Amino acid sequence: MRLKRATSSGDRSNALWGRGSRGESRSNALWGRGGRRAGATIASFAVVCALAASATAAGVGSSGNGGGRGFGNLRSFVAPELLSSIQQNPRQSFDVILQGSPKTRSHGFIQKVVQDKSGASDENVGAGAVKKEFLSLDGARLTLTGRQILRIARVGLAQSIVPNDTVKMSGVQMPTYNTQLWPWATGAAVDWLNGTPKAPTIAIVDSGIDATRSDVAGRVLGQVNLASLPGNTPTGDGYGHGTFVAGIAAGSAPGYAGVAPKANLMSVDIMNDQGQATVADVVAAADWILQNKTTYNIKVANFSLHSVSRASVQFDPIDQAVEKLWLNGVTVVAAAGNYAVNGAASGVQFAPGNDPFVITVGAADIGTQVSARDDTSAPWSAWGYTPDGFMKPDIGAPGRYMVGPVPTSGVLYSQRPASVTSPGYMQLSGTSFAAPVVSGAAAMLLGQHPTWTPDQVKGALMVSATPEPQVKLGQLGVGDVNVAAARALRLNHIPNPNAALEQFVGAAADGTAVFDAAAWASAASNDAAWSDAAWSDAAWSDAAWASAAWASAAWSDAAWASAAWASAAWSDAAWSDAAWSDAAWADNANAEPPVPVDQTTIDPQTQDAELAALGIVDPNCDPTVDTCVLPGGLLDPPADTTPPVDTPPALLP
Ligand SMILES: [Ca+2]
Ligand SMILES: [Ca+2]
């Protein structure tokens, strides 16, 4: 569900960004032009500076409206410095905190404010102005114009209206950043700091990567061409999908930071310029990674694709290939697929997403707020049981209306002109683009904990996931990935979601580890409770999501009993080199039309609030591994009055 902004586009830029021109002023407002550097000023002074600077920039006296009535008839408390700024320009917008009566609930109080339409058209408040409803106090954060604030104060709809003092964080100059909402919803900003751990190499098994893009330049260690079908541009990315995936995982262009912007990348190109590949190409890609992982320090492999033949892990060559990677130290991340219809359970039928070891990722629609309260599952994001009875996906990540880099020469770029948001960038939807969020998170975890196994990476991402209150159990696995929470884990022991499978892992003739699927199938057919061990670990009790509920759903013997692999329908023909259909690409999401870009972005004030919530006060200090103080050491970090990014919701009406 998207909230439509109530104001016209001209007003919108004013309301959201506080200045007449969008674009550059957004980055300026956050990234500290004009001397608003962290630690340079005390909090209250910074607030005044920010408000005054904005009002000046917007042009004092340019509006002239709203000055007709004085401030003597206000029934709500309005902070004096706020009133003074409103007086200069009532059409200027302000990041404020409204508090209602202590006796009312925050939601009801805010609904009253939004529903009151008795004022002039530019005085009434739209739902889009509400940035965050607080659980701990009877209030909310809103972006309001001066005229809207005065209206609320005159009618007495709020008890108090004060500036959001997290504006004091405005001076943190991040080395890289992203003005899209999605990285903020996953806590990715902790990965954008100087001094964050250096992530290992991520292999992108896809259509290639345009290594000349500033998003990835200097970090693509190699481009391997394994595409067997004709029509493949041998270097770069003739289609465009792989560059986008790489940008989400590890982009570093200004304004388009990915989750792990310093990670190196390896392009394993298996897709021709029409987006076609074969099963054998995917297996060859896994082989290549297995043989070269040490040379290039590859510890994560991203597969934003799936086969189109329903299969059991006992027989599927792609599953066997990715298991081999997993069991030999490469964390495999796979897209769930885009073939659910209207949110109904579709099963996760196809490899590699149906493999029990790997991390399978579903696509969340993160709505318009950083918090998960307005999140839904993208209606096409595949979920449910695999043919072997495993509940998938394991985890969710933002995957709807994502903006990322696509080479302008790529076929995808010319195929969907309506999805181009700016030169070289497109808005696309699909589990293809949720998977690399998790690949980036996995790489950062491995940067911080270089000795961790893929099982530990999966366990850490799952135990720290943000619950999704509006999503059915299992639809997005245990919830949305939260890289900040995963990196901040201080557990003595990370629970292993694959613990029950380990008893079936043995050594192959060449000494590598291998999963004995036949032994597993035999054990599972004799004892439906075989998987309980994976979820009995006490460490799961640290999870914010309900581990008990997940444990009961994680594997189903009923789903297994109906598996197609048990029938004769299975044939060698399924693995012929027939080109994949477009459905194999987890990119399309039924060619979902794009939404206006301003519905997928985050305003500077909210970015500041999130930086504060993440503990980011110094661009050189990573709060997940260090104790950070403001540069200069003169001041302690400001008290954090904002609920954490992953506040468990549950208070919806
Ligand atoms: Ca290609
Ligand atoms: Ca959200």
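The values are calculated or read from the model by the stated rules, or taken from the named source; none is laboratory data. Small disclaimer: the values here were computed from a predicted structure and weren't measured. All Cβ positions, even for glycine, are placed from backbone atoms using ideal geometry, and neighbour counts span all protein chains on display.
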Qualifying residues in segment 351-371 (those that are near ligand 2 (Cβ under 7 Å from one of its atoms) and within 11 Å of the chain's Cα centre (by Cα)) - the one surrounded by the most Cβ atoms within 10 Å (Cβ to Cβ):
Ile366
Please enumerate the residues belonging to segment 221-249 that are surrounded by fewer than 24 Cβ atoms within 10 Å (Cβ to Cβ) and more than 10 Å from ligand 1 (Cβ to nearest atom).
Leu221, Gly222, Val224, Ser228, Pro230
Some residue of segment 180-190 being on the phi > 0 side of the Ramachandran plot and either at pLDDT 85 or above or not in a strand (DSSP E or B) (or both):
yes
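Give me the strands (runs of 3 or more DSSP E) completely within segment 330-402, filtered to those with at least 3 residues that are of a type in the set (Val, Ile, Thr), at pLDDT 95 or above and over 26 Å from Ala127 (Cβ atoms), ordered by residue number. Talk me through it step by step, then tell me what you get.
Numbers: elements: 331-335, 359-365, 395-398.
Filter on segment 330-402 gives 331-335, 359-365.
Residues that are within 22 Å of Ser307 (Cα to Cα) and touching a Gly at 6+ places or on another chain (Cβ under 7 Å): does segment 222-230 have at least one?
We begin by selecting, within segment 222-230, every residue within 22 Å of Ser307 (Cα to Cα); these are 224-230.
Among the residues that remain, those that are also touching a Gly at 6+ places or on another chain (Cβ under 7 Å) are: none.
No, that holds for no residue.
Can you report the number of residues in segment 524-543 which are of a type in the set (Phe, Trp, Tyr) and under 12 Å from Ala500 (Cβ atoms)? Full working, then the answer.
Let us first name the residues in segment 524-543 that are of a type in the set (Phe, Trp, Tyr), namely 530, 535, 540.
Those still in the list that are under 12 Å from Ala500 (Cβ atoms) too: 530, 535.
Residues meeting the conditions: 2.
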Within the bounds of segment 344-363, is there any residue that is within 16 Å of ligand 1 (Cβ to nearest atom) and not small (Gly, Ala, Ser)?
no
Does Leu193 satisfy the condition of being in a strand (DSSP E or B) and of a type outside the set (Gly, Ala, Ser)?
no
Quick check on this structure: which one of Ala465, Ala513 is in the same structural domain as Ala442 (by TED's automatic domain parsing) and crowded, with 18+ Cβ neighbours inside 10 Å?
Ala465
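For segment 471-487, give me each residue that is part of a loop (DSSP other than H, G, I, E, B) and touching a Pro at 6+ places or on another chain (Cβ under 8 Å). Step through it out loud before you land on a result.
First, pick out the residues of segment 471-487 that are part of a loop (DSSP other than H, G, I, E, B): 471-473, 479, 481-482.
Within segment 471-487, just Gly479 meets the criteria.
Among the listed residues Ala418, Ala382, which satisfies the condition of being closer than 28 Å to Asp557 by Cα and away from ligand 1 (no atom under 16 Å from the Cβ)?
Values: Ala418 fails: closer than 28 Å to Asp557 by Cα.
Going through Ala418, Ala382 in turn, the sole match is Ala382.
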Going by the conditions given, is Thr421 touching a helix residue (DSSP H, G or I) at 6+ places or on another chain (Cβ under 8 Å), touching a residue at least 24 places away in the same chain (Cβ under 8 Å), among the β-branched types (Val, Ile, Thr) and surrounded by fewer than 24 Cβ atoms within 10 Å (Cβ to Cβ)?
yes
Pairs returned, first residue in segment 210-231 that is under 18 Å from Val411 (Cβ atoms) and of a type in the set (D, E, K, R), second residue that is more than 11 Å from ligand 1 (Cβ to nearest atom) and part of a strand (DSSP E or B), beta-carbon separation under 9 angstrom, 6 or more apart or interchain, are Asp210/Val220; Asp210/Pro405; Arg213/Pro405
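Report yes if Ala418 is at pLDDT 95 or above and outside any loop (DSSP other than H, G, I, E, B), otherwise no. Before you say what the answer is, go through the steps one by one.
On the way: at pLDDT 95 or above: no; outside any loop (DSSP other than H, G, I, E, B): yes.
No, not satisfied.
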Name the residue, out of Ile359, Ile318, Ile298, that is β-branched (Val, Ile, Thr) and without any contact (Cβ under 8 Å) to a residue 60 or more places away in the chain.
Ile318
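Evaluate segment 250-265: report whether one residue or more is within 16 Å of ligand 1 (Cβ to nearest atom), among the polar types (S, T, N, Q) and either at pLDDT 95 or above or more than 18 Å from the chain's Cα centre (by Cα) (or both). Lay out the reasoning, then the answer.
Pass one, segment 250-265, residues within 16 Å of ligand 1 (Cβ to nearest atom): 265.
Checking which are among the polar types (S, T, N, Q) leaves us with none.
Within segment 250-265, not a single residue is within 16 Å of ligand 1 (Cβ to nearest atom), among the polar types (S, T, N, Q) and either at pLDDT 95 or above or more than 18 Å from the chain's Cα centre (by Cα) (or both).
Per-residue answers, yes or no, for (1) basic (Lys, Arg); (2) surrounded by fewer than 24 Cβ atoms within 10 Å (Cβ to Cβ); (3) part of a loop (DSSP other than H, G, I, E, B):
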residue: Val437; (1), (2), (3): no, no, no
residue: Gly447; (1), (2), (3): no, yes, no
residue: Val457; (1), (2), (3): no, no, no
residue: Leu489; (1), (2), (3): no, yes, yes
residue: Pro495; (1), (2), (3): no, no, yes
Taking the options Trp575, Trp560, name whichever one is crowded, with 17+ Cβ neighbours inside 10 Å and at pLDDT 50 or above.
Trp560
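Can you name every residue in segment 196-215 that is within 16 Å of ligand 1 (Cβ to nearest atom) and either in a loop (DSSP other than H, G, I, E, B) or of a type in the set (Val, Ile, Thr) (or both)?
Ile204, Val205, Ser207, Gly208, Ile209, Asp210, Ala211, Thr212, Arg213
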